[in-house]
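Below is one structure, written out as structure tokens; the observations come after it.
Computed from the coordinates by the stated procedures, all read-outs in this text should not be read as laboratory data. None of the values given here were measured: they were computed from a predicted structure. Counting neighbours? That spans all protein chains shown, and the Cβs are built from the backbone with ideal geometry, glycine included.
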Amino acid sequence: MRRVVITGMGAIASTGKNVASFMGNLVAGRSGIRRITLWDPSALSVQIAAEVPDYVPTDLFPLKRLDLIDRFAQFALIAAREAMESSQIKLAEEELPRFGVVTGTGMGGAQTFDGAFFNLYAKNATRLHPFTIPKMMHNAATSQLCMEYGALGPSLTVATACSSSGHAIGEAFHLIKFGLADAMLAGGTDAPITFGMLRAWESVRVLASGDGNPSRACRPFSADREGMVIGEGAGIFVLEELTHAQRRGAKIYAEIAGYGASSDANHITQPSVAGPARAVRLALAEARVNPEEVDYINAHGTGTRLNDVTETQVVKEVFKDHARRLVISSTKSMHGHTMGATGAIELVATVMAMEQGVIPPTANYTQPDPECDLDYVPNQAREKNVRVAISNSFAFGGLNAVLLVRRFE
Amino acid sequence: MDVADKVIEIITREQHFEPGKVTIDSTFAEVGIDSLDGVNIMFALEEEFKIEIPDAVAQNMRSVRQVVDGLTRVIEGKDISDLVAMAEGQTPVAGN
């Protein structure tokens with residue numbers, strides 16, 4: 001059986017523009033959530049988000065290139081650059097047809113279409129810029145990565161809302177495992193902080209306003225939680241077939257050993273227990289890991305009333321007594337909910353927790369909730385030996401993706 | 001500023017070229033302007049001159065001189081039926 005390992009990682013988020021600073025801030029419990037600076041949010045009831053700070057794209061891309069890449073694809077390119085550099089992978093020309101890209105995104109080129117439709121509807125433009133379509137299409141990030149690195153193999157984009165990058169990494173894992181590719185770039189990206197998008201989310205009534213204290217706005221599993229916070233960023237991995245990685249002496253961060261995907265077929269916004277629980281069990285089964293072996297769960301943990309209770313029930317149902325021994329944390333408390341990037345960003349946190357032996361905390365935890373009564377690593381990072389970890393992504397629309405990583409030994 | 005100067009200015013701006021790289025004698029191929037760039041340049045010219053460049057004219061643009069000539073005819077409302085005829089059989093800008 002072919003095995004698949006992670007040999008490179010890259011991340012960009014509100015909490016850091018590379019893996020080291022991203023993880024450093026999570027372990028320190030520092031939140032990236034603040035008042036929106038991309039545009040004036042005064043008209044909104046929710047005026048906070050987890051923006052990538054001090055982001056100057058012209059420092060990172062040639063102007064001509066930048067004309068054709070929306071912010072969401074820029075983030076993917078930045079994270080991929082770090083992932084490719086950290087993996088030190090060099091593929092020969094004959095290997096490129098077995099090298100592909102799978103990215104997830106929930107919202108695609110949101111800034112581009114928000115801007116275009118503003119021009120159309122508010123400024124009565126009679127036509128839109130010819131780059132609108134190539135920038136806003138959901139597959140733009142995947143295509144940009146393919147062009148950047150010459151990937152000629154199976155490549156696609158997954159759009160399953162908040163599970164997009166969990167599914168993207170899982171599908172890429174399977175492409176390698178089942179022999180269709182030897183190396184993949186996989187992850188997710190989103191840059192959904194636009195006026196139109198925030199207005200729409202506002203109406204769903206699941207966003208935390210922060211009450212004048214943005215960094216404390218997102219409080220997953222805490223009894224006083226009031227919702228999620230929209231974030232942006234990207235996480236990209238280099239996945240490689242094990243012997244391919246070993247032949248070139250690559251550093252192996254972790255093995256991807258299991259992937260569970262399931263659908264609730266229940267409700268367009270309300271999560272179920274049964275669907276996510278099935279996804280967790282499928283990931284365990286593929287990895288041939290017993291529930292008792294799981295040391296850490298990086299939770300979906302959005303900080304909404306409903307998600308956190310349901311997710312707690314999922315963990316209890318699958319892990320029984322072991323649910324009280326394993327540890328759970330939601331790093332969304334700091335980097336926000338980065339939508340289609342969130343599964344990938346959180347897998348970076350999960351793999352780094354394994355690598356460093358430190359669990360990043362659930363920040364802003366103040367009050368125990370009787371319905372959320374597990375160990376969420378409140379507020380303080382904790383040293384812990386992690387051999388097996390899972391990362392949960394449960395999406396609006398009831399589409400679930402669970403990834404299981406194991407320390408490579 | 002005449003049409004030629006304005007066209008060169010707009011191409012230089014849209015392509016982020018150094019001034020002087022594009023002249024009236026440049027072909028798109030030799031300065032690295034591809035078909036999607038061409039569409040972008042046409043869009044910028046339409047905005048600048050407040051005109052509509054018919055697809056048939058836009059698809060025939062392969063050099064700066066062709067752009068200037070075609071644009072001048074559109075601005076002056078002259079007959080462009082020869083350009084429309086030439087456009088038959090041209091490779092479209094985008095596939096799929």
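Basic side chains Lys and Arg get +1 at the Cβ, acidic Asp and Glu get -1 at the Cβ, and with that the dipole of region A:115-230 about its Cα centre reaches some 340 debye.
Using the Cβ of A:ILE33 as centre and a radius below 15 Å, the other residues enclosed give a net charge of +3, where K and R count +1 and D and E count -1.
Would you mind classifying chain A by shape? Square roots of the alpha carbon gyration tensor eigenvalues, ordered a ≥ b ≥ c; an a/c under 1.5 is rounded, otherwise it is prolate if a/b is larger than b/c and oblate if not. Oblate, since a/c reaches 1.5 and b/c is not below a/b. Each other residue within a Cβ distance under 10 Å of A:ARG325 adds +1 if Lys or Arg and -1 if Asp or Glu, for a net charge of -3.
Residues of region A:10-29 falling in the label zone of A:ARG248, defined by backbone nitrogen less than 18 Å from a point 7 Å along Cα to beta-carbon, are A:10. Modelled spin-label separation between A:GLU371 and B:ARG13, with each label point placed 7 Å from Cα along the Cα-to-Cβ direction: 5.7 nm. The modelled label-to-label distance between B:LYS21 and A:LEU180, using points 7 Å beyond Cα along the C-beta direction, is 4.0 nm. Cross-link check: pairs A:LYS17/A:LYS123; A:LYS90/A:LYS177; A:LYS177/A:LYS251 evaluated at a Cα-Cα cut-off of 27 Å; pairs beyond the cut-off: A:LYS17/A:LYS123.
Based on the Stokes-Einstein relation at 25 °C and a viscosity of 0.890 mPa s, and on the Kirkwood radius from alpha carbon pairs, region A:1-134 is assigned a translational diffusion coefficient of 137 µm²/s. Working from label points 7 Å from Cα in the Cα-to-Cβ sense, the A:HIS322 to A:ARG127 distance is 6.2 nm.
Helix-only arithmetic for chain B: the sum of -39500 (n - 2.57) across DSSP H runs with n ≥ 4, divided by the residue total, places the mean residue ellipticity at 222 nm at -16000 deg cm²/dmol.
Each Lys or Arg adds one and each Asp or Glu takes one away; over the other residues whose Cβ falls under 14 Å from the Cβ of A:LEU120, this sums to +1. Classify region A:110-258: rounded, prolate or oblate, from the alpha-carbon gyration tensor (a ≥ b ≥ c, eigenvalue square roots; a/c under 1.5 rounded; otherwise prolate if a/b is larger than b/c)? The shape class here is oblate.
Full extension of the segment from A:ARG30 to A:SER203, taken as 0.36 nm per residue of separation minus the current Cα-Cα distance, would add 59.4 nm.
May I ask you to compute the full-extension gain from B:LYS6 to B:LEU36, defined as 0.36 nm times their residue separation minus their alpha-carbon distance, rounded to one decimal in nm?
8.8 nm
Two numbers describe the Cα atoms of region A:259-409: Rg and Dmax, which are 13.9, 41 Å. Shape annotation for region A:1-67: C-alpha extents along the principal axes are 56, 38, 23 Å, from largest to smallest.
With only the Cα atoms considered, chain B has a convex hull volume of 99 Å³ per residue. Averaged over peptide A:126-138, the number of partner chain Cβ atoms lying within 10 Å of each residue's Cβ comes to 2.
Peptide packing for A:178-189, A:49-60 was compared via the average number of neighbouring C-beta atoms within 10 Å per residue; ordered from the highest value, the list is A:178-189, A:49-60.
Quick one: length gained pulling A:ILE268 to A:THR58 fully straight, 0.36 nm per residue minus the C-alpha distance?
Fully extending the segment from A:ILE268 to A:THR58 adds 71.7 nm.
Think of it as helices only: each DSSP H run of n ≥ 4 in chain A is worth -39500 (n - 2.57), and spread over all residues that comes to -9500 deg cm²/dmol at 222 nm.
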